[in-house]
Each structure stands twice: as C-alpha cells, then as structure tokens.
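Here is the structure we will look at, set down as structure tokens.
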Amino acid sequence: MFPLTLFRKFVSPVDGERCAMAPSCSGYALDAFHKHGFFLGWIMTSDRLMRCGRDEISRAAPLRLGRKVYALDPVENNDFWLKER
C-alpha cells in the first residue's frame, strides 16, 4: 500500500489528471487490495492496467464529473466471478 500512497501523493499530482477511468488505476488498486488482499488484489490491478485506456472506455458506463466524462469501472464491477452462485 505504501508505494501506491506515495504515487498518489507525489507523482500523480505532477503528472496531471489523464486517467479516463473512475476510479483511477491507483484508486482501483487500493480498493482491490483492501477488498481482496494482496494476491487477488495484485491480479485484479494487473488486469485493470492491461484494460486501461483500451476498449473499456466504450464498454463501461459513463460517469460525468463536471465537464469531463469518465468510464466507470469500480472493483465491484470486476469481482463478479468471486461470488457464489
């Protein structure tokens, strides 16, 4: 968690807000680690990073925040396969 916190606090503000998805990939990673632990959180974060900026933007539900439109992709949308049937 510490490297993600450092990234969000120091690198992200300098790099600017360029992420087209909500939550951002670092926010998604923190959510995944908190909800599913290190191993599964790492797998889900890696999957998100591979999908980020590709066709996910056209597939995800749009979320308007101010003037900008984001692709809504929270952890809850991607852990459906973990739930018991």
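The values are calculated or read from the model by the stated rules, or taken from the named source; none is laboratory data. On a predicted model such as this, the values are computed, not experimentally measured, just so you know. No Cβ is skipped: glycine too gets one built from the backbone with ideal geometry, and neighbour counts run over all protein chains shown.
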(message) For the stretch 60-70, check the following and say yes or no: at least one residue is aliphatic (A, V, I, L, M), modelled with pLDDT of 85 or more, over 11 Å from the mean Cα position of the chain (by Cα) and surrounded by fewer than 12 Cβ atoms within 10 Å (Cβ to Cβ).
(response) yes
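Which residues, counting only those in the stretch 46-85, are of a type in the set (S, T, N, Q) and in contact with a strand residue (DSSP E or B) (Cβ under 6 Å, 6 or more places away or on another chain)? Working first, answer last.
Start the filter on the stretch 46-85 by keeping residues that are of a type in the set (S, T, N, Q), which leaves 46, 58, 77-78.
Across the stretch 46-85, there are no qualifying residues.
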(request) Of all residues in the stretch 23-58, count the ones that are surrounded by fewer than 16 Cβ atoms within 10 Å (Cβ to Cβ) and not β-branched (Val, Ile, Thr). (result) 16
(request) Looking only at the stretch 8-22, count how many residues are out of contact with any Leu (no Cβ under 9 Å at 6 or more places or on another chain) and either surrounded by 15 or more Cβ atoms within 10 Å (Cβ to Cβ) or touching a residue at least 40 places away in the same chain (Cβ under 8 Å) (or both). (result) 3
